[in-house]
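K.L.:
First, the structure itself, so that you have it in front of you.
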Amino acid sequence: MGWAIALHGGAGDIPHSLPPERRLTREACLRHCLQIGVDALTSRKSPLDVVELVVRELENNPHFNAGRGSVLTTSGTVEMEACIMDGKSMRCGAVSGLTTVVNAISLSRLVMEKTPHIYLGFKGAEAFAREQGIETVDASHFITQENVERLKQAKEANRVQVDYTQPVEKDVKRDELKPDGDSQIGTVGCVAVDSEGNLAAATSTGGLVNKMVGRIGDTPIIGAGTYANSLCAVSATGKGEAIIRGTVARDVAALMEFKGMSLQEAAALVVGDRVPKGHVGLVAVSATGEVTMPFNTTGMFRACATEDGHSEIAIWDS
Amino acid sequence: MGRGWAIALHGGAGIDPNITLHRQQEAKEHLSRYLNLGVSAIRSSLPANDVVELVVRELESDPLFNSGKGSALTEKGTVEMDASIMDGTRRRCGAVSGLMRVKNPVSLARLVMEKSPHSYLAFSGAEEFARQQGVELVDNEYFITDENRKMLKLAQDANTIMVVHFHLIFPNIHFLLFFINLNFVHATMIVLLKIGWQFDNSIPITGHAYLPETVGCVVVDGQGRCAAATSTGGLMNKMSGRIGDTPLIGSGTYACNLCGVSCTGEGEAIIRATLARDVAAVMEYKGLGLQEAVDFVLKEKLDDGAEAGIIAVSREGEVACGFNSIGMFRGFATEDGFMEVAIWDSMKQ
């Protein structure tokens, strides 16, 4: 037993040839966020507070796909979503389709705490944000040049590649974008457990690059991208559609509960078996202070620390 | 354990115990009609995906049930609809939220599953997709019924009606006064305190506007393929933009190669319990049978006091149902000739 924390900045086809400047800035952010999380846990902040504040940091960093730095929809706009869950009470909050809210994760917490609902989307969520006086800015604040480029590349890739194996309309974007280095990255997240075994999970994202306007991914769907109960807390990242079908976050907990698996075993099985290769990564902690960070993609930006002194920051397989 | 087809449909759990006999009769007739439509479709070898879609379309078009036409209203008096569908064989899924003009949300959910690269579209993006796909669009007015307008008013009033129990010590008089908001209560209490009255606890009434949420259908076809679909207008007087369990895969709807599940009831509780996924998960991971699984999750996984209902079919051709609310509009049929439409009393053996 003891506290533990893990966080991620997205799983995907992160090339080993990632230029040092891009690698180092992200590693520095992960290190910074990990430290913030550890400091908060050691000063006995609740896991719910910890995951929220870590995800806020990740959202504010323009190098990850959440908040500022979110990838763009096919219309060149930003639509952000987030979700938070408290393991002990199983209360949760989720938001989708945000365009002006600086910290989507904080709005999802307000949904959880200030409404009788769990999930608010789009105009309704934006209106609620204004009612609550949470920080909002002009939509252009979230857009980075990097993401404008990514969108352009994604659109070009779609035009060039013809996929005749899937039954989709010609004018609808396909799911399988050409692996384009870090275009595939989705989501940031954090899970934490305190020394009493209280768990929490939080996830936030701009979604899929070149997504259809109005597309919702796994992040705000309880049991898909985010989940916490009295056994574990999970935050997933990767191809949203695959994570939804695989009910990834819930399944990790379900395997522990119904098959008596350990955190590691459960997470490894879900990532290895329930979701196709190249589609998912997750971070998870258990009530007893264990951590696991499996992924079946090329890499996953991640970091973790436990009370017994172990800590790790990594991108690819060790 | 023979195989064979099976179908179950529901029109929502949590029924007004004062519902008129006439209304009950009407509901049963409609449910029977849609059940028979589903059965005919299965018998003519339509795959499970097609059958759940066509049955839910019927329920959506029926103003008697809370989906499509007859949907519950948001706090603004408008309709915002959600739906989802899942194909158990390949675990593909499609979901939509916040629809205001799409006549049959479940059909748009199916198009999301089959004609888009995504699994879930919402609000104006979903409506735009609907336009591109050429699905039938109508005015928001089409979905609104007078009855639901009345129910909305009731729900909005109920949130603010409070009953305060006053007790004058001398002479010894008790009475109740109804207030429509807290300010009036405080003002009255201040005045009465000044003249020597004493008070007992106020008893806030939060009116329980009985409105069964959601419609759904689950099918296992003659080839053992499972599918599930659910559709709803959501919670009466909900905040605009509120999304419940219905479009969330794993909560309101789930299907895999073992079973198809559709849930109804208190959306927030169903989400926390990931109810539909949990039915399948306990079958898969604990080896429970279909009805055992339904009973287990209802008993063990729902918040205390939360009401929900579940229908499910298994690839073995079984049907199962469970609910802890007062009643659930439902119907079942299996290949061996069993057929039932019911409103009250759980179908426990």
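Values quoted throughout were computed directly from the atomic coordinates according to the rules given, and no laboratory measurement underlies them. From a predicted model like this one, the values you see are computed outputs, not experimental measurements. We place every Cβ from the backbone using ideal geometry, glycine too, and count neighbours over all the protein chains shown.
K.L.:
Is the stretch A:6-141 rounded, prolate or oblate when judged by the Cα gyration tensor, a ≥ b ≥ c being the square roots of its eigenvalues, rounded requiring a/c under 1.5 and prolate requiring a/b larger than b/c? Please report the intermediate quantities before stating the final value.
P.N.:
Details: a/c = 2.09, a/b = 1.19, b/c = 1.75.
It is oblate, given that a/c is not under 1.5 and a/b is not larger than b/c.
K.L.:
Cα centroid distance between the stretch A:65-85 and the stretch A:92-152, in Å?
P.N.:
The distance from the Cα centre of the stretch A:65-85 to that of the stretch A:92-152 comes to 9 Å.
K.L.:
Right, another one. For the protein assembly as shown, build the charge dipole from Cβ charges (+1 Lys, Arg; -1 Asp, Glu) around the Cα centre, then report which of A:C33, B:G327, B:G125 sits farthest towards its positive end.
P.N.:
Farthest along the dipole direction, towards plus: B:G125.
K.L.:
As I understand it, the dipole of the stretch A:1-124 uses +1 on the Cβ of Lys and Arg and -1 on the Cβ of Asp and Glu, about the Cα centre. Which of A:P19, A:S89, A:T74 lies farthest toward its positive end?
P.N.:
Among A:P19, A:S89, A:T74, the one farthest towards the positive end of the dipole of the stretch A:1-124 is A:S89.
K.L.:
Using the count of nearby Cβ atoms within 10 Å as a rough guide to exposure, how do B:W344, A:W3 rank from fewest to most? It would help to have the intermediate numbers written out before the result.
P.N.:
Working: B:W344 10, A:W3 25.
Arranged by neighbour count, lowest to highest, B:W344, A:W3 become B:W344, A:W3.
K.L.:
Taking neighbour counts of Cβ atoms within 10 Å as a proxy for exposure, in what order, fewest first, do A:D49, A:D218 appear?
P.N.:
Working: A:D49 15, A:D218 34.
Ascending Cβ contact count within 10 Å gives the list A:D49, A:D218.
K.L.:
Now for a different question. Magnitude of the Cβ-charge dipole of the stretch A:1-160, K/R +1 and D/E -1, about the Cα centre, nearest 20 debye?
P.N.:
Values: 18 positive and 19 negative charges, 36 e Å.
The dipole magnitude comes to about 180 debye.
K.L.:
Moving on. Under 5 Å between amide hydrogens, which residues at least 5 positions from A:A200 or on another chain qualify, with H placed 1.01 Å from N in the peptide plane?
P.N.:
Distant-sequence amide H within range of A:A200: A:G87, A:A192.
K.L.:
Continuing with the same structure: Per the Kirkwood formula on distinct C-alpha pairs, the Rh of the protein assembly as shown is how many angstrom? Don't skip to the end; give the middle numbers.
P.N.:
On the way: mean 1/r = 0.0397 Å⁻¹.
Evaluated over the protein assembly as shown, this radius sits at 25.2 Å.
K.L.:
May I pose another question? Can you show me the helix-derived [θ] at 222 nm for chain A, built from DSSP H runs with n ≥ 4 at -39,500 (n - 2.57) apiece and divided by the number of residues, rounded to the nearest 500. It would help to have the intermediate numbers written out before the result.
P.N.:
Values: 8 runs with 100 residues, N = 318.
Dividing the helical sum by the residues of chain A leaves -10000 deg cm²/dmol.
K.L.:
Okay, moving on. Which residue fluctuates the most in chain A, going by a Gaussian network model with Cα springs under 10 Å, if the choices are A:A202, A:A139, A:A236?
P.N.:
A:A139
K.L.:
Kirkwood hydrodynamic radius of chain A from all distinct Cα pairs, in Å?
P.N.:
Numbers: mean 1/r = 0.0529 Å⁻¹.
Result for chain A stands at 18.9 Å.
K.L.:
What's the magnitude of the charge dipole for the protein assembly as shown around its Cα centre, counting Lys and Arg as +1 and Asp and Glu as -1 at the beta-carbon? Answer in Debye, nearest 20. Each step should come with its number before you reach the end.
P.N.:
Working: 62 positive and 80 negative charges, 152 e Å.
Dipole about the Cα centre, nearest 20: 740 debye.
K.L.:
With the crude spin-label approximation of a point 7 Å out along Cα→Cβ, what separation in nm comes out for B:R131 versus A:Q35?
P.N.:
It works out to 5.0 nm between the two label points.
K.L.:
I've got another one for you. How do A:H8, A:H310 rank when sorted from fewest to most other Cβ atoms within 10 Å of their own Cβ?
P.N.:
A:H310, A:H8
K.L.:
Compute the distance from the alpha-carbon center of the stretch B:104-135 to that of the stretch B:53-69, in whole Å.
P.N.:
For the stretch B:104-135 versus the stretch B:53-69, the Cα centre distance is 18 Å.
K.L.:
With unit charges on the beta carbons (Lys and Arg positive, Asp and Glu negative) and the dipole taken about the Cα centre of the protein assembly as shown, which residue among A:V234, B:S44, B:L258 sits farthest to the positive side?
P.N.:
Comparing the listed Cα positions along the dipole, B:S44 ranks first.
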